[in-house]
Amino acid sequence: MKAKKILLAVMPYEGEVQDRVTAKFYKNSAVKYMPLGVLSVAACIPEQYEIKILDAASLGLTLEETITVIEDFAPDILGLSVVTYRAWAMVEILNRTSAPIKIVGGPHTTKSHAIILQQGAHAVFVDDAEIIFPKWLEDGCPPGVFFGGQVDMDTIPLPARHLLDLEDYRIEQNDDLLFNVGSLRLPMFSSKGCPYGCIYCDVQQKTFNFKSVDKCIAEFSELIKMGATSIHILDDAFNINKARVSALSEAIVQNNLTVDWSARGTVEIREQVIADLAAAGCKRLHVGIESLDDDILIYFKKACRLKHIEQFCELCNKYGIDVLGYFIIGAPGETEEYLRTLPQRIDNLGIRLPYFNLLSPLAETPYYEELLHSGQFDRDHWGDFCKNPVRDFIIPEVRSVDNEGKLQATIDDYVNYFKRKDMSFFVS
């Protein structure tokens, strides 16, 4: 009997929600991330299936090109990995492809699983699918919604990166890259989830779920063998557990794993953690600082305060770790003085890699729910979009057009400030 064919696809960028959060400068086309969630599920599919991964976003495919690749492969099962901002492409692909069975997973399913069934999906998978998807195959592919919960990350294989062509993820150098990490920067997760409740954040998983140190070392080693010139740990909150971070750092040293690497985490004031990371060769910490004003940090429901940010930056400067600091402007109570002095204050902290965003009511965030419940929105814009996704939907906003334009111009000024100040901002 011919093996059944499964195609797992990441949605193309075409038609996605229009971003008013991040300046175009930070969306460098050279930076591409492998779809680790899809690859993790693929690694758990039994060997008797023929599997194809289609990362339409990284390949820069149009919707039509994506549909053509799907139809040419003619899968028996078409799986779509979807974030809410690409829901329009999801509906188009569900309606315009001929696979006998079409299924959907990814973050968009968390709150919209029932709607997605109505939009043409045979089955929808919520949360982790590494265990429930193979079981669903074994059970004969029944229709419905299937909840996977959080899978023990030590019990599943490493992501099936061999199903992708590494050449599709090589970095072509350009003048606007924030830093130079060679030609192949590969991502990994050492953990998932974040227990914090910052109002602007759309991370749905609040349970901190992590891999063991041994599992992380095995993945580090695999990525180095694949030719990675840099490894980026894409966790939501890498350094929540001090003992785990220090143990991983020690194991990297003991295993002589010498590679440029970085991690996404939170403001860290424990000196031993920073010292251990530096000793293990960590070059950058990507951290959501967001504001240098305590009142705004409180409004954001951030756990840290300015004094903690100052300690964190001092420690990173001491141990030679660069900070890629995310900052948000546009919060209530923000003053002209704050906006005017922010670049210099960032300079004074020694942050070489500032990354500026605009506060906006993203889907599935407490900030959006706050605006909706307070009556500042007259209807549920995101709810309407999820029920009937439209091409190029614009993120709703409560600010005036003039205020919005001024804030976006302010971010452009910040980018130009750091470009003028230090051109090494882009190349080291």
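The values are calculated or read from the model by the stated rules, or taken from the named source; none is laboratory data. What you see is a predicted model; the values in this text were computed from it and never measured. Ideal geometry is used to build each Cβ from the backbone, glycine not excepted, and the neighbour counts take in all protein chains shown.
Among the criteria (1) touching a Lys or Arg at 6+ places or on another chain (Cβ under 8 Å); (2) outside any loop (DSSP other than H, G, I, E, B); (3) under 25 Å from Asp412 (Cα atoms), the one Leu339 does not fulfil is (1).
Please go through region 241-267 and pick out each residue that is in contact with a Cys (Cβ under 8 Å, 6 or more places away or on another chain) and not polar (S, T, N, Q).
Leu248, Ala251, Trp261, Ala263, Val267 - these are the residues of region 241-267 that are in contact with a Cys (Cβ under 8 Å, 6 or more places away or on another chain) and not polar (S, T, N, Q).
Could you grab me the full set of residues in region 224-236 that are among the aliphatic types (A, V, I, L, M) and without any contact (Cβ under 8 Å) to a residue 60 or more places away in the chain? If the condition is that a residue be among the aliphatic types (A, V, I, L, M) and without any contact (Cβ under 8 Å) to a residue 60 or more places away in the chain, then Ile224, Ala228, Ile231, Ile233 are the ones that fit. Among strands (runs of 3 or more DSSP E) entirely within region 1-99, having at least 2 residues that are at pLDDT below 95 and either touching a His at 6+ places or on another chain (Cβ under 7 Å) or in the same structural domain as Leu117 (by TED's automatic domain parsing) (or both) singles out no element at all.
Listed by first and then second residue, the pairs with beta-carbon distance under 6 Å, at least 6 apart or on different chains, first residue in region 35-49 and on the phi > 0 side of the Ramachandran plot, second assigned to a loop (DSSP other than H, G, I, E, B) and modelled with pLDDT of 95 or more, form an empty list. Helices (runs of 4 or more DSSP H) fully within region 177-288 that include at least 1 residues being assigned by TED's automatic domain parsing to the domain that holds Ala303 and within 25 Å of Ile309 (Cβ to Cβ): 242-254, 271-279. Condition check for Lys27 on (1) in contact with a Lys or Arg (Cβ under 7 Å, 6 or more places away or on another chain); (2) surrounded by fewer than 16 Cβ atoms within 10 Å (Cβ to Cβ): one failure, at (1). For region 108-117, the criterion of being surrounded by 19 or more Cβ atoms within 10 Å (Cβ to Cβ), touching a residue at least 24 places away in the same chain (Cβ under 8 Å) and in contact with a Phe, Trp or Tyr (Cβ under 8 Å, 6 or more places away or on another chain) is met by at least one residue. When Phe146, Phe133, Phe125 are checked against the criterion of being touching a residue at least 40 places away in the same chain (Cβ under 8 Å) and either crowded, with 21+ Cβ neighbours inside 10 Å or outside any loop (DSSP other than H, G, I, E, B) (or both), Phe133 stands alone in meeting it.
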